[in-house]
Amino acid sequence: MGFPCSVCGICCKNIGGIKELEAFDLGNGVCKYLDSANRCMIYSTRPDICNVKTMYEKLYHRHYSKEEFYALNLKSCEILQAQAKKA
């Protein structure tokens, strides 16, 4: 089971305040590697923090089942998408 990413780019438009992604921030919270089609231009070499599966395997497998961790990340996606619709 993979993470059900909708490829909307919303997470890449909200990286402000994430220490691990400071060097990627254009200064407005948007990742400098997000293209106009909401695709990651460095997808195959993206930072671990941008990869739900990798983060689960490296850090969160001790605290959550994969299904629980994916559900938490999906909920975060839904919250970001709802906020973007309001803006």
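The values are calculated or read from the model by the stated rules, or taken from the named source; none is laboratory data. Worth saying up front: this structure is predicted, and the values here are computed from it rather than measured. No Cβ is skipped: glycine too gets one built from the backbone with ideal geometry, and neighbour counts run over all protein chains shown. To get the accessible areas, we keep the full protein, side chains included, count just its heavy atoms, and leave off ligands, DNA and RNA. Shrake-Rupley method; radii C 1.70, N 1.55, O 1.52, S 1.80 Å.
Calculate the FRET efficiency for CYS8 and SER65 from the Cβ-Cβ distance with a Förster distance of 25 Å, rounded to the nearest 0.05. Kindly include the intermediate steps, with their values, before the conclusion.
On the way: r = 25 Å, r/R0 = 1.01.
Plugging the Cβ-Cβ distance into 1/(1 + (r/R0)^6) gives 0.50.
Measure nothing fancy, just the Cα-based angle from helix 66-86's long axis to the longest principal axis of the chain, in degrees from 0 to 90, nearest 10.
Here the helix axis deviates by roughly 30 degrees.
Given the DSSP H assignment, sum -39500 (n - 2.57) over each helix run of at least 4 residues in the chain and divide by its residue total; what's the result at 222 nm in deg cm²/dmol, nearest 500? The partial results should precede the final answer.
Numbers: 2 runs with 28 residues, N = 87.
My calculation for the chain gives -10500 deg cm²/dmol from helical runs alone.
May I ask you to rank THR54, THR45 by accessible area, largest first, using a 1.4 Å probe over the protein chains only? Don't skip to the end; give the middle numbers.
Values: THR54 30, THR45 105 Å².
Ranking THR54, THR45 by accessible area, largest first, yields THR45, THR54.
Which FRET efficiency value, to the nearest 0.05, do you get for LEU74 and ALA23 by plugging their Cβ-Cβ distance into 1/(1 + (r/R0)^6) with R0 = 25 Å? Intermediate values should be presented prior to the final figure.
Working: r = 27 Å, r/R0 = 1.07.
The value I calculate is 0.40.
I want to check a number: in the chain, how many lysine pairs have alpha carbons closer than 29 Å, given a sequence separation of 8 or more or different chains?
Close lysine pairs found across the chain: 28.
Taking a probe of 1.4 Å, how large is the accessible area per residue of the chain, in Å²?
Working: 6310 Å² over 87 residues.
Each residue of the chain exposes 73 Å² on average to a 1.4 Å probe.
Using a 1.4 Å probe on the protein heavy atoms, what percent of the accessible area of the chain belongs to carbon and sulfur?
Details: 3390 of 6310 Å².
In the chain, the share of accessible area belonging to carbon and sulfur is 54 percent.
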